[in-house]
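Report on one structure; see the data block that follows.
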Amino acid sequence: MEKKLVSGIQSGGDFGMVTIEIYVGMSKREINDKDYIIISDCCDKIKQALINQTYELDENLKLRGEKEKQELIDLFKNHSLIFVKEIPNQYECVNGFSKHFPWLEITTTKGIFTIGWRKRVIQIDWSHSIINIEAKNIFSSEDVTMGDKYIHAWGIEKAQEYIDKLFI
């Protein structure tokens, strides 16, 4: 019986490189479109399970996650920080690793800020705050992605600069 490669995935990131290939041979019938979907879903689940296990075994990744969380909280230490709540990562990147690095809802006297890493930038969202100024009016000289009430900061220093400006 001939086996055919029906699904494969290669993904890399902080967890290293993962390559999965699934070969299937069937003697009674040909593989159909529904089979491809089922097998592709299985391939994704295997990849995610391997990533999850890598995270569980890698103390450095866990420490990095805790460090990044504390750095994000510290951005608000001079701005009436009231409460911090972890929320699911709002940016699901293709490597499936983002679930191990949650975002935060930071409650301050000005309202709730949602903050978290999107690959190489930190997204800062103040849409649930009493700050009614749009990003383009506060950060007009910045050449970064921004929406009505969010901005992307290239690193922790820029994030601090933007948050300080929001609290003026």
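The values are calculated or read from the model by the stated rules, or taken from the named source; none is laboratory data. Everything quoted here is computed from the prediction, not taken from an experiment. So basically every Cβ, Gly included, is an ideal-geometry build from the backbone, and we count neighbours across all protein chains shown.
Checked against (1) under 22 Å from Gly155 (Cβ atoms); (2) aromatic (Phe, Trp, Tyr); (3) without any contact (Cβ under 8 Å) to a residue 40 or more places away in the chain, Tyr23 meets all criteria but (1). Filtering region 73-92 down to residues that are touching a Pro at 6+ places or on another chain (Cβ under 8 Å) and at pLDDT below 90, which residue is surrounded by the fewest Cβ atoms within 10 Å (Cβ to Cβ)? Restricting to residues being touching a Pro at 6+ places or on another chain (Cβ under 8 Å) and at pLDDT below 90, the top hit is Pro88.
Do we have Asn78 as in the same structural domain as Ile112 (by TED's automatic domain parsing), in contact with a helix residue (DSSP H, G or I) (Cβ under 7 Å, 6 or more places away or on another chain) and polar (S, T, N, Q) here? When the stated conditions are applied, Asn78 does not pass them. Out of region 7-30, which residues are at pLDDT below 90 and of a type in the set (A, V, I, L, M)? Result: Ile9, Met17, Val18. On the given criteria, is Ile37 over 30 Å from Leu166 (Cα atoms) and of a type in the set (A, V, I, L, M)? Yes; evaluated as a whole, the condition is true for this residue.
Select, from Leu50, Leu57, the only residue that is over 20 Å from Glu2 (Cα atoms) and exposed (fewer than 15 other Cβ atoms within 10 Å of the Cβ). Within the list Leu50, Leu57, the selection yields Leu57. The set of residues from region 12-70 being basic (Lys, Arg) and under 26 Å from Arg118 (Cβ atoms) comprises Lys45, Lys47, Lys62, Arg64, Lys67, Lys69. Against the criterion of being among the hydrophobic types (A, V, I, L, M, F, W, C) and either out of contact with any Lys or Arg (no Cβ under 8 Å at 6 or more places or on another chain) or not assigned by TED's automatic domain parsing to the domain that holds Asn89 (or both), Ile130 does not qualify.
Regarding region 57-72, can at least one residue be identified that is of a type in the set (A, V, I, L, M) and farther than 30 Å from Ile124 by Cβ? Checked against the condition, which is being of a type in the set (A, V, I, L, M) and farther than 30 Å from Ile124 by Cβ, region 57-72 yields at least one hit. Annotation for region 50-57: no member residue is over 15 Å from His100 (Cα atoms) and either among the aromatic types (Phe, Trp, Tyr) or at pLDDT below 90 (or both).
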